[in-house]
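Report on the following structure.
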Amino acid sequence: MIKLENVTKEYPGHSVALKEADADIAKGEFVFLVGPSGSGKSTFLRLINKQEDPDDGRIFVAGKDIGQLSSWKVPMLRRNIGSVFQDFKLLPNKTVGENVSFALEVIGRPKNVIKTQVPAICELVGLGDKVDKYPHQLSGGEQQRVSIARAFVNRPLILLADEPTGNLDPQTAIGIMRLLDRINKTGTTVVMATHDRGIVDTMRRRVIELADGLIVRDQAQGVYE
Amino acid sequence: MALRVDYIAKETGNNLIRNPSLTIATVLTVALSLSLLGAALLLQRGVDGLNTRFKDDIEFIVWVQPDAAQEQIDLVQRSLDESSSVSDYRFVNREETFTEFREFWADSPEVIDAVGPDELPTSFRVVPVVPDLALVQALGSEFEDLPGVLKVDFASEYIKQLNDFTNVASRVMIGAAIASALASSMLMYNTIRTALFARRREVEVMRLVGASNTFIRIPFMLEGLMQGLFGAAFSVLSVFALNRALRGLIEKTDFQLLDSFALPSGDLWQISIWLLVAGTLIGFIGSGIAVSRYLDA
Ligand SMILES: Nc1ncnc2c1ncn2[C@@H]1O[C@H](COP(=O)(O)OP(=O)(O)OP(=O)(O)O)[C@@H](O)[C@H]1O
Ligand SMILES: [Mg+2]
């Protein structure tokens, strides 16, 4: 589903963020990206949905070389990749339901689809009774659920999560991981960058470890270190 | 992709009212610059009208001294008859001149009372063959030196002066219009940039979930377009108002020459269309630059 071939990314004026990285992630896999701060985890994720372009190497998503993608097709790529972040990126002036429907509205999905999908997905993430609340009326864990609902409402092939539990207490984090696990079980490939040792060690999924932009470990059913 | 008209209308509307003072400032600068442009076009049309109207009208007047002898008048007349450059002329006698004089000074009876018909000069209204200003002036001065001739007036000279004045005026106005159009484009650019900044979170989310570039841009482009159009609409109003004021002024002065500066409404509508096009362009250019600068990353 995701394949990196010899990928190098250098930010101008900074050291190399990702060096000659090779990785092959199959459909339906759940992968943890671990490594110290600044090791290139976020860069790895941003390359997959073309928020950044590599300086060298090739990246394939669903068999397509995304380096060859013309700029007007990038939105189509992103419709197949959901993104979740540490800071949720919710729109404060929209309710839960509006935040989720926004993702469908702006890609031109018909109204009747939105009407049925949004309540269903809010139910799935456990926020069926909070559809009309605003983000500031929710706990951190609930806000992250909203952002996961928004990322997943278009049923993407891939879900990228950049430290989704970074701002949450351990108990809440476990709830979020259960949710991501459930989403993974529907066949969605999940790639998650994290510093959370406990989660990685409990879930025992594939672990890719980065250090200074180099992939130093790629282990099935791995642990944090 | 289905174009969601309701969504776009809502977003454009929200953008327009999010920052009312900036929106108003932008609309007003567009209105100001286009009003200047409109006034310049109005003047230009007036001059064009003036020129066509007076093209084959009286070109100069030979005034004869009130106390000129009949032989002197006959001499002038003979010279006119003989001149191959004169296509036509008409003698205006004392009574006719006095009637004109009375009409002209109708508001001031004391002037009329003070002047008797005998004190007024008679005149020849001469139409030259070639209505070229230089030729007409040369021709006119030939008659200036004839005995009994008071002076030669060139109608075309007044027209030329008026022409020169309005040309300069309309050039100045067009210059000012261009300068303020540039200013309003820049203001537009800043307004749209501000709107983009205010909506950076939405834009970020839209990009992440795969909204098309067109979809993200349309509300911002439309915002600029609407502001340009609103400004243009104001300038259309001011052009109509200006024309109306001019008409009132001209009617009051009773100065025939200026008639062509009060334009028929057909001309006004034509100018209005130009102003609306210009407003649309200002909006399009200003917002287009802002959107491509800040969304093509
Ligand atoms: N937009 C950017 N411009 C310049 N340099 C950047 C940019 N983003 C990241 N970097 C640099 O690239 C390197 C890798 O950054 P990245 O964000 O991928 O690390 P990370 O593993 O996600 O770190 P963290 O765990 O702190 O989130 C760092 O040295 C960082 O300073
Ligand atoms: Mg990071």
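So A:S101 ticks every box in (1) surrounded by fewer than 21 Cβ atoms within 10 Å (Cβ to Cβ); (2) out of contact with any Gly (no Cβ under 9 Å at 6 or more places or on another chain); (3) part of a helix (DSSP H, G or I) but one. Which box is left unticked?
For A:S101, the failing item is (1).
Here are A:T8, A:T95: which of them is more than 16 Å from ligand 2 (Cβ to nearest atom) and under 29 Å from B:S212 (Cβ atoms)?
A:T95
Among A:G82, A:G38, A:G67, which is open to solvent by 10 Å² or more (accessible area, probe 1.4 Å) and not in a helix (DSSP H, G or I)?
Result of the check over A:G82, A:G38, A:G67: A:G38.
Among the residues of the stretch A:152-203 satisfying the criterion of being of a type in the set (S, T, Y) and within 16 Å of ligand 2 (Cβ to nearest atom), which is nearest to A:F88 (Cα to Cα)?
So the residue we want is A:T165.
Suppose we keep only residues that are touching a strand residue (DSSP E or B) at 6+ places or on another chain (Cβ under 6 Å) and either open to solvent by 50 Å² or more (accessible area, probe 1.4 Å) or away from ligand 2 (no atom under 16 Å from the Cβ) (or both) within the stretch A:12-21. Which one would you say is farthest from A:L214 (Cα to Cα)?
Initial filter on the stretch A:12-21 (touching a strand residue (DSSP E or B) at 6+ places or on another chain (Cβ under 6 Å)): A:16-21.
Within this subset, residues satisfying the condition of being either open to solvent by 50 Å² or more (accessible area, probe 1.4 Å) or away from ligand 2 (no atom under 16 Å from the Cβ) (or both) are A:19-20.
Numbers: A:K19: 5, A:E20: 7 Å.
Once the filter is applied, the top-ranked residue is A:E20.
Which one is farthest from the other protein chains (Cβ to nearest Cβ) among residues in the stretch A:85-98 that are open to solvent by 50 Å² or more (accessible area, probe 1.4 Å) and not acidic (D, E)?
Among them, the one singled out is A:Q86.
Can you name the condition, by its number, that A:L210 falls short on among (1) more than 28 Å from A:S101 (Cα to Cα); (2) at pLDDT below 95?
Going through the list (1) more than 28 Å from A:S101 (Cα to Cα); (2) at pLDDT below 95, A:L210 breaks only (2).
Could you identify the single residue in B:V168, B:V236, B:V172 that is away from chain A (no Cβ under 14 Å), among the β-branched types (V, I, T) and in contact with a Leu (Cβ under 6 Å, 6 or more places away or on another chain)?
B:V236
Give the residues of the stretch B:181-195 that are open to solvent by less than 40 Å² (accessible area, probe 1.4 Å), farther than 14 Å from B:L281 by Cα and either within 18 Å of the chain's Cα centre (by Cα) or not β-branched (V, I, T) (or both), sorted by residue number.
Selection gives B:A195 alone.
What is the one condition in (1) away from ligand 1 (no atom under 16 Å from the Cβ); (2) assigned to a strand (DSSP E or B); (3) in contact with a Leu (Cβ under 9 Å, 6 or more places away or on another chain) that A:L33 does not satisfy?
It fails just one condition, (1).
Which of the numbered conditions does A:G28 fail, given that it passes all the others? Conditions: (1) within 11 Å of ligand 1 (Cβ to nearest atom); (2) in a loop (DSSP other than H, G, I, E, B).
Unmet condition: (1).
With more than 19 Å from A:T194 (Cβ to Cβ), within 14 Å of chain B (Cβ to nearest Cβ) and either within 16 Å of ligand 2 (Cβ to nearest atom) or touching a residue at least 12 places away in the same chain (Cβ under 8 Å) (or both) as the only criterion, which of A:P54, A:P110, A:P119, A:P75 stands out? Full working, then the answer.
Numbers: A:P54 fails: within 14 Å of chain B (Cβ to nearest Cβ); A:P110 fails: either within 16 Å of ligand 2 (Cβ to nearest atom) or touching a residue at least 12 places away in the same chain (Cβ under 8 Å) (or both); A:P119 fails: within 14 Å of chain B (Cβ to nearest Cβ).
Unique residue meeting the criteria: A:P75.
Can you pull out the helices (runs of 4 or more DSSP H) entirely within the stretch B:59-176 that have at least 3 residues that are in contact (Cβ under 8 Å) with a residue 40 or more places away in the chain and surrounded by 15 or more Cβ atoms within 10 Å (Cβ to Cβ)?
B:70-82, B:133-144
May I ask you to list the residues in the stretch B:210-233 that are under 22 Å from B:Y294 (Cβ atoms), open to solvent by 10 Å² or more (accessible area, probe 1.4 Å) and away from every other protein chain (no Cβ under 14 Å)?
B:M221, B:L222, B:L225, B:M226
The values are calculated or read from the model by the stated rules, or taken from the named source; none is laboratory data. All values reported here derive from a predicted model rather than from experimental measurement. Positions of Cβ are backbone-derived with ideal geometry, glycine not excepted, and every protein chain shown enters the neighbour counts. Accessible surface areas use protein heavy atoms only, side chains included; no ligands, DNA or RNA. Shrake-Rupley method; radii C 1.70, N 1.55, O 1.52, S 1.80 Å.
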